[in-house]
Each structure stands twice: as C-alpha cells, then as structure tokens.
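> What follows is a structure written as structure tokens; I'll ask about it next.
The values are calculated or read from the model by the stated rules, or taken from the named source; none is laboratory data. Keep in mind that what you see is a predicted model, and the values were worked out from it rather than measured. Note that each Cβ is placed from the backbone with ideal geometry, even for glycine, and that neighbours are counted across all protein chains shown.
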Amino acid sequence: MKNRIYYLLLIFAFSYGLQAQLNDYKYVIVPKNFVGFKHENQYKTSTLIKYLFQQKGFNVVYDDNLPQDLNANRCLGLLVHLNHKSTMFATIASLTLKDCNNKEVFVTTEGKSKSKDYTIGYKEAISYAFNSINAISYNYKPADQSEQVSMPVVKKNEKTELKEIKIEEQKKSLDVTNVNSNQTSAEIVPENKSIAAAVVTTEIAEIPNMEDPEVWYAQQIPNGYQLVDSTPKIRLKVYKTSMPNIYIGINEKTKGLVYSKNSKWYFEYYELDKLQIEELAIKF
C-alpha cells in the first residue's frame, strides 16, 4: 500500500514539474498540415487541436501566422506534433509538444476511436488524448520575471559581510576535518546525544547512494528497454509510461521508477519500507 501511494505521489510530482515547464512558454503553435496528411486541416485536425488548447487557456497560433515576438524568438512557443495511425478498425492519436530545439516537453496518452468516419474518429481520439493536458493547469510565467523573483537582493555594504561569513564557515569546516583521528566519537558529540543522533540518522537516510555507477547498455524490447552490463547480464528492465523519460523499472528483487533528472538517470524503489535512490549510468 505504501509503495502504491509513493508511486502516485511521485507521478503527481512529475506532473507538477511538467506543468511548471509548460508555464515557461507563451504560445502553442499548431501546424495547418500535420505530417502524414495530404491536405491542410485534413479531418479538421488543426482546427480541433487549436480549439482544445484555446479552451484550456493557451495562446494558440497557426504555424503560418506567428506573432512578431514569437517570430523573433521561436523559443517562446511549443510546436504541436500529431502522432496518428488510422486503419479500417480504429483511429489512434496522441500529441507531442516540442520546444525550439526539437526536444520533447510533453507527451499525452494515446486516444483511440473505433468510428469508421475518419473525421469523427480523429475528433474522438484527439479529445481523449487531450485529457492528459486537461489534467494540469497552465499559467504563462515569463522566465525573466521568475528569475527576478528568485534573485536575492544584496546591498553593497552586505557583500563584505557575506564573504567574511563564508570564510569563517570554511575555517570551521577545516577545523572539524583536521580533528585527530584517534578521538572517539563521544568526544565530538554534543551533550544532547539523542537529538544529535536523530539528526545524523535523518541526514544519512536522505542521502542516496551516488557512487560512480557501472555502465549499463540499453537494448530495446517491446514497450521499453532491458539494461545489460558488460557480462552481459540483464540488470534491469524499464517500461515506458505516458510521460517522457519516466519508466517503470523491474528486476529480480524489486520494482520502482526510473527517471531522468539534470541529465542523470535514477532508480527509486522501496526496500524494507525505506526509500532507496540509485544513480544509473545508461548508454542508449
């Protein structure tokens, strides 16, 4: 039960992070002719997607009619990509939002319709896929404003004081480091031992194991990858989720979440009701 709640909270946290990323963009750009279609606005896909984003509160423009600021700075907007497949039995569609560097920022779930009328089929499939975007809130926040809010105000006469404080902290750190190694732990523990021990225990529990990880090589499998070491031995299998760079990781002992953060990969799982975080070196 704890594991289930943890996964839900972690997915919520990532959703919140994606929401914050979307807030960085002023525009959503909708192509008038999506890849794979022969005609402009085929099956009314462009007008439908533009309408859905507008209803959600996004500032939506067509790709052939960019406003002046977006034309000057393409990174103000996200370009919509329609991933679609239609057969005589079903129409499947999802949406991908990419930034000015063609990097995926948001990917929706897949929507599916069994309607034999393609116009109706695309409408149903796209509307279902759009539920992923309806699940988050959007409020454009210019990057420069957020930076101004987060920057601390330091007066000129305070800079010297800050430097002195840093120097004193460095001296104290060096003094602690140079304590004679023959001293017992009892000599450097404060009088209130129980409080000190609790603080130390908490800090250690929250620090994940970040030793240099062994390189694992990703081999594609249905719906994900298997990570293999140099033996070769399968160390972990990761399966795709509806969000980019977030996978469900499963090995012989446990299962958890594998995700990318700050260009590094991590595996989070529970062991005896304690959260474990391992850094992974994955070579795709």
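> Could you please find all residues in segment 250-265 being within 11 Å of I282 (Cβ to Cβ) and not hydrophobic (A, V, I, L, M, F, W, C)?
Our first condition is that a residue be within 11 Å of I282 (Cβ to Cβ); within segment 250-265, this holds for 258, 260, 264-265.
Within segment 250-265, S260, K264 qualify.
> With the structure loaded, tell me whether I5 is closer than 30 Å to L275 by Cβ and either modelled with pLDDT under 90 or over 23 Å from the mean Cα position of the chain (by Cα) (or both) or whether it fails that test.
Numbers: closer than 30 Å to L275 by Cβ: yes; either modelled with pLDDT under 90 or over 23 Å from the mean Cα position of the chain (by Cα) (or both): yes.
Spelling it out, I5 is indeed closer than 30 Å to L275 by Cβ and either modelled with pLDDT under 90 or over 23 Å from the mean Cα position of the chain (by Cα) (or both).
> With respect to S86, is the statement that it is modelled with pLDDT under 90 and more than 26 Å from D24 (Cβ to Cβ) true?
Considered against the rule, which asks whether it is modelled with pLDDT under 90 and more than 26 Å from D24 (Cβ to Cβ), S86 comes out as yes.
> Just to be sure before I move on: is I29 touching a Gly at 6+ places or on another chain (Cβ under 7 Å) and either crowded, with 18+ Cβ neighbours inside 10 Å or not assigned by TED's automatic domain parsing to the domain that holds N131 (or both) in the structure I sent?
Yes.
> Restricting attention to segment 93-120, which residues are under 12 Å from L48 (Cα atoms) and either under 22 Å from the mean Cα position of the chain (by Cα) or in contact (Cβ under 8 Å) with a residue 60 or more places away in the chain (or both)?
Scanning segment 93-120 gives a single hit, T119.
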